[in-house]
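Presented below is the structure to which this report refers.
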Amino acid sequence: MSAEPAEGTKVPKICIRNLKVFFGNVQSLNNITLDIMRQEILSIIGPAGSGKTTFLRTLNRLNDLSPSFRSEGQVLLDGEDIYHPSYDPVALRKRVSMVFALPVALPMSIYDNVVYGPTLSGAPKKAKLDELVEKSLKAAFLWDEVKDRLKTSALRLSGGQQQRLCLARVLALEPEVILLDEPCSGLDPISTAKIEEALVALKQDYTIVLVTNNSKQAARISDRVAFFLMGELVECGSAIQIFTVPKDTRTADFVTGRFG
Amino acid sequence: MRIPPRVAQTVARVVLGAATFFTVAVLIFIIGHVLVKGIPVLSFRFLFSNPEDMGRAGGIFPTLVGSVLLPAVALVFAVPLGIGTAVFLTEYTRESKITAAIRFGADCLAGIPSIIFGLFGFIFFVTVLRMGWCILSGGLTLAMMVLPTIIRTTEEAIRAVPYAYREVSFSLGATRWRTVWRVVLPNALPGIVTGIILSLGRSIGETAAVIFTAGSSLRMPSSLFDSVRTMSVHFYILAREGISSENAYGTAAVLVLAVLMVNGISYWLMHQFMKRFS
């Protein structure tokens, strides 16, 4: 199974086994088997419609919100099947949290955005929340820009700031896995650099899965890269290997820009 | 034959402008007429003293109280029921024939003439449940009448909340209920308030449904089980029976001002709320 016993010591955080995903009669993912390691950034690349986002949303069961969704195979988080009928998706999403392609700041204050997740289950002490807000915003490289206006509406932030706020909001949950769905697609290069800087720093403590349309970004910050095509996992390997000596010709065609 | 663009432009401007002018003119004429005839009658005494001689003299205080209590009772019942139904239909069920049927039913209900509600209220609350003509009977009847409006406007408001907000909330580990409570309803609030204002306006002005169910007693009510006369019913009786057209206009002016005030205050409140997050 473990096609790549990469980097020796690393332990898989999520094991995906023969995962198939259907929406109604349409199959979106076919037979995905993949291990996602602790403390790594795994980038998922591939052309539009290749199932990258669907795959990502399978990892925290966000696809469940769609009535026609159906899956086969297993997704094991720390060895537990998250699609087991007794598995609680709400608890799962606190451990495996997500940053979306479009920065969606909830229409409330910056502070309230960050504490939204942590205050869902009970109300922690204010001092603890303050501390959490500062810690999360610092980790998302946003603290210095907003520390004096935490109580103003998050909608007044720029797009890049909102996306970092979304990252801070996820960090405040203290999750184990962070999923990012093209987090920089609408951002300027400076905001993108800040997000990338944050992700690399966060790798120490989290497992990060990043869907990106930007091959350069994948090459810059990821440890491993998985190439998806038409709902199938074509190839997964270290970033260097995928971008320099891909095993599959389809991967080669994609990374050299021959299609997609 | 082709119309030159410049001419078409001018014609459109004139025709559309005339339509707007006509609409505004009708509104101003009606409100103006009522206010011009009614305001001279108004005084502190008119508002806050009891009517004498069937309303020929004295004030309108009990009817003022009736016009406050009846819509209040109606909203107390209709708002939670209506919002609850709308949340259930939009967030807790999948689109199906049943939800379509419920929606269709609500639309039909909204189109039923109010006097039919009055008749039903009279038969059901007043006679079958032996509640008699009282504030509660009238309020419940009004509640049924405005329920479809509240359901439908709330539904539209909830639907207008971006789906992305829900996704974010779920992805942060919120349950459906927490998502509805913390994200969906606060964002739908302006739309929901609009529905409530519409309903409030409608129930303040309602006459036919009320006269059948709350009665037309001119005495000051002392409980929800007393009969009461609302301002609109008072106006109707004063005008219809030819008791006092002067006091009828006075009552109408109070009614119009009350509705304008309710609208004004609600929009101001809503504006304050919106200002906090934009």
Can you say whether residue A:186 is assigned to a loop (DSSP other than H, G, I, E, B), of a type in the set (Gly, Ala, Ser) and either away from chain B (no Cβ under 12 Å) or touching a Phe, Trp or Tyr at 6+ places or on another chain (Cβ under 8 Å) (or both), as far as the supplied structure shows? yes
With respect to the numbered conditions (1) at pLDDT 90 or above; (2) farther than 17 Å from residue A:37 by Cα; (3) among the hydrophobic types (A, V, I, L, M, F, W, C); (4) loosely packed, with under 15 Cβ neighbours inside 10 Å, which one is the sole condition not fulfilled by residue A:259? (1)
Going through A:253, A:181, A:223 one at a time, which residue ends up being without any contact (Cβ under 8 Å) to a residue 60 or more places away in the chain and within 30 Å of residue A:31 (Cβ to Cβ)? A:253
Single residue of B:63, B:93 found to be of a type in the set (Val, Ile, Thr), crowded, with 20+ Cβ neighbours inside 10 Å and assigned by TED's automatic domain parsing to the domain that holds residue B:144: B:63
Of the listed residues (B:185, B:140), the one being modelled with pLDDT of 90 or more, under 18 Å from residue B:85 (Cα atoms) and within 14 Å of chain A (Cβ to nearest Cβ) is B:185
Examine segment A:168-181 for a residue that is small (Gly, Ala, Ser) and surrounded by fewer than 21 Cβ atoms within 10 Å (Cβ to Cβ), and state whether such a residue exists. no
Condition set open to solvent by 10 Å² or more (accessible area, probe 1.4 Å) and within 10 Å of chain B (Cβ to nearest Cβ), scope segment A:106-124, selection farthest from residue A:185 (Cα to Cα): answer is A:121
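Please go through segment B:155-166 and pick out each residue that is among the basic types (Lys, Arg) and in contact (Cβ under 8 Å) with a residue 40 or more places away in the chain.
Step one: list which residues in segment B:155-166 are among the basic types (Lys, Arg), which gives B:159, B:166.
Correct list: B:159 only.
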Does segment B:128-142 include one or more residues that are of a type in the set (Ser, Thr, Tyr), surrounded by 16 or more Cβ atoms within 10 Å (Cβ to Cβ) and in contact with a Phe, Trp or Tyr (Cβ under 7 Å, 6 or more places away or on another chain)? yes
Can you tell me how many residues within segment B:167-178 are more than 7 Å from chain A (Cβ to nearest Cβ) and either touching a strand residue (DSSP E or B) at 6+ places or on another chain (Cβ under 8 Å) or touching a residue at least 60 places away in the same chain (Cβ under 8 Å) (or both)? 1
Unique match (being outside any helix (DSSP H, G or I) and under 20 Å from residue B:118 (Cα atoms)) among B:222, B:227: B:227
The one condition in (1) assigned to a loop (DSSP other than H, G, I, E, B); (2) modelled with pLDDT under 90; (3) not acidic (Asp, Glu) that residue A:91 fails to fulfil: (1)
Take residue B:210 and decide whether it is assigned by TED's automatic domain parsing to the domain that holds residue B:85 and either open to solvent by less than 10 Å² (accessible area, probe 1.4 Å) or among the charged types (D, E, K, R) (or both). yes
Residue B:129 - would you say it is without any contact (Cβ under 8 Å) to a residue 40 or more places away in the chain and more than 14 Å from chain A (Cβ to nearest Cβ)? yes
Taking segment A:139-158 only, how many residues are within 14 Å of chain B (Cβ to nearest Cβ) and in a helix (DSSP H, G or I)? 3
Among what's in segment A:79-105 and is open to solvent by 10 Å² or more (accessible area, probe 1.4 Å) and within 16 Å of residue A:34 (Cβ to Cβ), pick the residue that is farthest from the other protein chains (Cβ to nearest Cβ). A:79
For residue B:241, are the conditions met, namely being surrounded by fewer than 18 Cβ atoms within 10 Å (Cβ to Cβ) and either over 28 Å from residue B:113 (Cα atoms) or of a type outside the set (A, V, I, L, M) (or both)? yes
Which members of segment A:115-158 meet the condition of being charged (D, E, K, R) and within 21 Å of residue B:174 (Cα to Cα)? A:125, A:126, A:128, A:130
Condition check: within 14 Å of another protein chain (Cβ to nearest Cβ), hydrophobic (A, V, I, L, M, F, W, C), free of Cβ contacts under 8 Å to residues at least 12 places away in the same chain and not in a strand (DSSP E or B). Does residue A:127 satisfy that? no
Hey, among the residues in segment A:57-76 that are crowded, with 21+ Cβ neighbours inside 10 Å and away from every other protein chain (no Cβ under 12 Å), which one's nearest to residue A:26 (Cα to Cα)? A:58
Scanning segment B:2-32 residue by residue, those open to solvent by 80 Å² or more (accessible area, probe 1.4 Å) and under 30 Å from residue B:253 (Cβ atoms) turn out to be B:20, B:21, B:22, B:23, B:27, B:28, B:29, B:30
Just to verify a result, which residue in segment A:201-236, among those that are within 15 Å of residue A:14 (Cβ to Cβ) and among the aliphatic types (A, V, I, L, M), is surrounded by the most Cβ atoms within 10 Å (Cβ to Cβ)? A:210
Report, by residue number, each residue of segment B:180-193 that is without any contact (Cβ under 8 Å) to a residue 60 or more places away in the chain and open to solvent by less than 30 Å² (accessible area, probe 1.4 Å). B:183, B:188, B:191
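The values are calculated or read from the model by the stated rules, or taken from the named source; none is laboratory data. Source: prediction; values computed, not measured. Here the Cβ is made from the backbone with ideal geometry for all residues, glycine too, and neighbour counts use every protein chain on show. Ligands, DNA and RNA are stripped out before the accessible areas are found, and what is left, the full protein with its side chains, is counted by its heavy atoms. Shrake-Rupley method; radii C 1.70, N 1.55, O 1.52, S 1.80 Å.
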